[in-house]
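Okay, structure first, notes after.
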Amino acid sequence: MSLGNNIKTFRKKLGLTQEELASQLYVTSQAVSKWESENGLPDTAQIVPIAKALNVTTDALFGMDSNTTDYDKEEAEKIKNKANELRDSTDSTSGAILAADYLDSECEKHPYNYEILMRYVQATAHLSRFADFNQCFKDNPEKWNQYVQKAINRGYQVIRYSNDSSKIDLVHFATAWIYIHNKEYDKAWEHINVLPSIESNQLREGISAEVAMMQYGKEAWQNQLRIDLQNFTRAINKVMVYASETYCFAEPMETSVEFCNWALNIIHALCKNPKLKPLSQGFYRDITKYKIASYLKNGNIQDAVNEYDSLKKIMEDYTNFCQEQIKNPNTEKDFGTKAFKNMQNYTKEFAQSKLQYILQHLKEITPQDSFEKFQKLI
């Protein structure tokens, strides 16, 4: 891509107008316009200031960034799915190691595919909980250090060279978890503090639907509103899942169950809007799993069985919902691509595999005698 087009692309990604960029560079907006339309070139002395103003490297500015090469998104999607299959194929610790090792080998084959590099960082973050809580590398700490160092290096590549802000955020988030489980809390906060926050409440989701309505009309407003609500749904659900896990292990059963019920009620309310269902089901499963675990840790076997039976029914209903929705040719347009793919994947076989994964995890985190009684009853 040309220098002018790159300047325009990076400027828009930062949300800057030509006038705003010009004011940072002490040039006129007409000069920026000429650069972007290829009617003129910036002076060589301005290249570094332009790159700094746009928060990119000079290599990226000239289109020589490796981010523009060897980036096969379809291949990255296949590799992600394979890693997920390996992660869920056995017990939690072994599955986490299998997924991380597989992604490690794929990173070696695709060193400039930032999607795959990011997935490796995420896989290492997932593995970090087992390195911490299960001490699975106690006899070989050097092996764990190798995972960590590769994740940090690959994460830095994504942060430094990728132009995809969502991937950069995912890397910061995953890297924070690695440092948390390594007890390096100051380093964790460095990554946490650069993540976007809802604290200011000045979010694009708070205004984007309204401008879509005014600029393009009712259909654009409805589409943008659906996207915004799906984003909010994923965010609140993630917080509730992490909190449910902590309640399960750190609080009395009554407190844990109370929180899980509150969280599940919120998801039930969200799912009254069908467009939010596909972005909620995985979170619903996980919160219910920790509710069941809380019962089993306290010896409340029948309550755990009842909750498991209820979850099976909800998953069965959702499977039928998905299979019915994907028959409609307008579903991807109405629900969005991410939700549509989730529904496509949610077959009876997929639901059964998720139930098996839940049982395997419950076996690992609850007392053996309670789990065995529970397993006989279900």
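The values are calculated or read from the model by the stated rules, or taken from the named source; none is laboratory data. Computed from a predicted model, the values in this text were never measured in an experiment. We place every Cβ from the backbone using ideal geometry, glycine too, and count neighbours over all the protein chains shown. Each accessible area value is taken on the protein alone, full model and side chains, heavy atoms only, with ligands, DNA and RNA left out. Shrake-Rupley method; radii C 1.70, N 1.55, O 1.52, S 1.80 Å.
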_Sole residue being assigned to a loop (DSSP other than H, G, I, E, B) and of a type outside the set (A, V, I, L, M, F, W, C), chosen from Lys167, Lys150, Lys183_ = Lys183
*Could you pull out the residue among Gln360, Gln344, Gln352 that is open to solvent by 40 Å² or more (accessible area, probe 1.4 Å), closer than 30 Å to Lys218 by Cβ, polar (S, T, N, Q) and in a helix (DSSP H, G or I)?*
Gln344
*Give the range 166-202 a look and list any residue that's more than 25 Å from Gln149 (Cα to Cα), in contact with a helix residue (DSSP H, G or I) (Cβ under 9 Å, 6 or more places away or on another chain) and charged (D, E, K, R), or say none.*
none
*Checking Glu205 against (1) open to solvent by 20 Å² or more (accessible area, probe 1.4 Å); (2) assigned to a helix (DSSP H, G or I); (3) within 27 Å of Tyr147 (Cα to Cα), which single condition isn't satisfied?*
(3)
*Are there any pairs, at least 6 apart or on different chains, whose C-beta atoms fall under 9 Å, with the first in the range 137-163 and closer than 10 Å to Leu117 by Cα and the second open to solvent by 80 Å² or more (accessible area, probe 1.4 Å) and aromatic (Phe, Trp, Tyr), and if so, which?*
Gln157/Tyr112
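Out of everything in the range 57-109 that is hydroxyl-bearing (Ser, Thr, Tyr), at pLDDT 85 or above and closer than 20 Å to Ala123 by Cβ, what residue ends up being surrounded by the fewest Cβ atoms within 10 Å (Cβ to Cβ)?
Ser105
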*Select, from Glu19, Glu74, Glu85, the only residue that is in contact with a helix residue (DSSP H, G or I) (Cβ under 6 Å, 6 or more places away or on another chain), in a helix (DSSP H, G or I) and free of Cβ contacts under 8 Å to residues at least 24 places away in the same chain.*
Glu19
*Can you name every residue in the range 212-225 that is open to solvent by 80 Å² or more (accessible area, probe 1.4 Å) and of a type outside the set (D, E, K, R)?*
Met213, Met214, Gln215, Tyr216, Gln222
*What is the number of the single condition among (1) open to solvent by 60 Å² or more (accessible area, probe 1.4 Å); (2) touching a helix residue (DSSP H, G or I) at 6+ places or on another chain (Cβ under 9 Å) that Lys143 does not meet?*
(2)
_Restricting to the range 1-24, count the residues that are among the hydroxyl-bearing types (Ser, Thr, Tyr) and either open to solvent by less than 30 Å² (accessible area, probe 1.4 Å) or over 34 Å from the mean Cα position of the chain (by Cα) (or both)._
1
*Which of the following residues is modelled with pLDDT of 90 or more, of a type in the set (A, V, I, L, M, F, W, C), part of a loop (DSSP other than H, G, I, E, B) and open to solvent by 30 Å² or more (accessible area, probe 1.4 Å): Val27, Val48?*
Val27
*Any residue in the range 179-186 that is within 30 Å of Asn6 (Cα to Cα), surrounded by fewer than 18 Cβ atoms within 10 Å (Cβ to Cβ) and not β-branched (Val, Ile, Thr)?*
no
_All positions within the range 187-202 that are exposed (fewer than 12 other Cβ atoms within 10 Å of the Cβ) and part of a helix (DSSP H, G or I)_ = none
*Of the conditions (1) surrounded by fewer than 19 Cβ atoms within 10 Å (Cβ to Cβ); (2) more than 14 Å from His181 (Cα to Cα), Leu117 clears all except one; give me its number.*
(1)
*Within the range 286-305, is there a residue that is assigned to a helix (DSSP H, G or I) and within 14 Å of Arg234 (Cα to Cα)?*
yes
*Output yes when any residue across the range 264-287 is farther than 22 Å from Ala339 by Cβ, without any contact (Cβ under 8 Å) to a residue 60 or more places away in the chain, among the hydrophobic types (A, V, I, L, M, F, W, C) and touching a helix residue (DSSP H, G or I) at 6+ places or on another chain (Cβ under 6 Å), and no when none is.*
no
*asked:* Every residue in the range 229-273 that is among the basic types (Lys, Arg) and either more than 18 Å from Ser197 (Cα to Cα) or more than 20 Å from the chain's Cα centre (by Cα) (or both), please.
replied: Lys272
*State whether one or more residues within the range 162-174 are closer than 19 Å to Asp101 by Cβ and either open to solvent by 60 Å² or more (accessible area, probe 1.4 Å) or basic (Lys, Arg) (or both).*
no
